[in-house]
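Just so you know, all these numbers are worked out from the coordinates, no wet-lab data involved. Not measured: the values here are computed from a predicted model. Don't worry about glycine lacking a Cβ; one is built from the backbone with ideal geometry, like all the others, and counts go over all protein chains shown.
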Amino acid sequence: MANKTDNRFSARWNKRNARELYLEGEHVSIQNLKMRDDIRQEQEVQKYLSKNIPDYPTPVEFYITELTHVTNKNSLQKIWDSEGFKGFEQDSLSWWSLKINEADISAAEERFLETRFPDRSKEEIAAQQPFLSKFTTSPPFINDSSRYGNFRFTFPLTELMEAYKKQMCEDEEPVLRVYGTKLFKQEIEYVVLVHSPQFNETFSKYPLLTSNPLFSYEGNQIIWRAQAICETHNYQLAIHGKTVVTQTMYSHQFYVWDQLCLVFHINEGEVLTFPQRKLKASLSCCEADRKVKLWRNGENCSSIKEAEQFIESFQDDDEKEDEKEEDAFGEVKMEAE
């Protein structure tokens with residue numbers, strides 16, 4: 001049998017009113033997805049998954065030290081007012097993605113080369129030209145736009161996990177579990193659950209994250225072994241001796257791409273809090289991707305400029321205090337005059 005388990009993907013509609021296939025408690029690799037009987041019946045998914053794509057870098061290990069939470073105008077206001085992050089009402093989960101920058105891509109490229117050619121000479125190393133950035137074109141690598149809204153919070157992984165440990169886990173280590181695999185027409189999303197030890201029984205049906213070929217957590221960094229990093233394949237990989245080169249494809253190809261998300265369980269009525277000055281320092285603006293369905297219960301800005309102006313309207317406690325002092329100084333000056 002192609003399927004190693006009796007579990008099957010089930011279809012449902014998510015918060016963005018988009019159809020997704022979902023499998024609880026398992027991370028299914030692209031190779032195994034191709035062999036599953038329940039997925040072979042999904043024509044929209046097969047349109048991309050079944051393609052034979054020319055060579056590209058895979059798997060590629062990215063060492064990630066930052067997480068990002070992107071939201072819309074309405075939710076940003078709620079985060080600011082509550083001074084932190086709550087879980088969605090339906091599942092008490094706060095969703096976070098990996099933040100991947102140019103340095104992360106360069107480091108992943110070097111690891112890919114060292115694994116492929118462990119005995120390169122100094123001359124061969126010097127001759128190698130950068131190539132991975134030509135392939136990292138899927139949404140997880142694009143920081144100036146997002147499918148989830150205009151506003152991006154970015155936190156160091158260690159800081160976010162430490163805050164979660166102190167506020168939600170009574171200073172015990174958070175527990176990580178394999179939450180599931182979500183499959184869309186072109187996207188594969190692997191979800192990892194983070195929760196307090198006090199909810200071990202509640203989430204016991206999800207396997208603990210121990211040996212996982214796609215993802216590992218080492219305390220101060222996440223290692224993501226990405227399988228498909230191109231949303232659109234414009235290049236193919238070629239090997240010349242011990243050097244990697246890219247070749248432009250005659251005709252581009254669309255293929256599946258994968259990403260990794262961490263979801264933090266935040267019990268109803270609780271908030272993962274941060275000082276407002278920290279929230280504002282971690283906040284930036286991005287374009288809302290109009291090509292996908294955005295969450296129907298949210299409002300986005302029409303431009304980056306509008307988003308930036310909206311952020312400027314938020315004052316943290318330090319700024320409010322400075323403003324009070326300026327007003328008081330102005331009143332004293334007027335009295336003196």
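Quick one: divide the alpha-carbon radius of gyration of the chain by 2.2 N^0.38 Å and tell me what you get. Cα Rg divided by the expected 2.2 N^0.38 Å: 1.13. In the chain, helices alone account for a calculated mean residue ellipticity at 222 nm of -8000 deg cm²/dmol, with every DSSP H run of four or more residues adding -39,500 (n - 2.57). Helix 317-336 and the longest principal axis of the Cα set of the chain meet at an angle near 30°.
Note on the stretch 172-228: Cα convex hull, mean projected area over all directions, 4.6 nm².
Taking Cβ atoms as reference points and 14 Å as the exclusive limit, the residues near ASN200 contribute a net charge of -2, counting Lys and Arg as +1 and Asp and Glu as -1.
The residues packed around ALA108, meaning those with a beta-carbon under 12 Å from its beta-carbon, carry a net charge of -4 if Lys and Arg are +1 and Asp and Glu are -1.
So which of LYS34/LYS165; LYS73/LYS134; LYS99/LYS305 end up more than 27 Å apart by C-alpha? Long pairs (Cα-Cα over 27 Å): LYS34/LYS165; LYS73/LYS134. Residues MET35, MET168, ranked from the fewest to the most other C-beta atoms within 10 Å, line up as MET35, MET168. Fewest-first ordering of ILE39, ILE53 by other beta carbons within 10 Å of each residue's beta carbon gives ILE53, ILE39.
Residue order for HIS195, HIS252, HIS233, fewest other beta carbons within 10 angstrom first, comes to HIS252, HIS233, HIS195.
So, with +1 on the Cβ of K and R and -1 on the Cβ of D and E, and no other charges, what is the size of the charge dipole of the chain about its Cα centre, to the nearest 20 debye?
2320
With the alpha-carbon atoms of the stretch 1-68 aligned to their principal axes, the span from lowest to highest coordinate is 34, 33, 23 Å, starting with the largest.
For the stretch 114-218, the Kirkwood estimate of the hydrodynamic radius, built from every pair of different alpha carbons, is 17.8 Å. Between THR202 and LYS51, the distance separating the two model label sites (each 7 Å from Cα on the Cα→Cβ line) works out to 4.1 nm.
Here's the picture: charge each Lys and Arg Cβ at +1 and each Asp and Glu Cβ at -1 in the chain, and of PHE184, GLY84, ALA307 the one pushed furthest to the positive end of that dipole is PHE184.
Compute the angle between helix 102-116 and the longest alpha-carbon principal axis of the chain, please, reported from 0 to 90 degrees and rounded to the nearest 10. Its long axis makes an angle of about 20 degrees.
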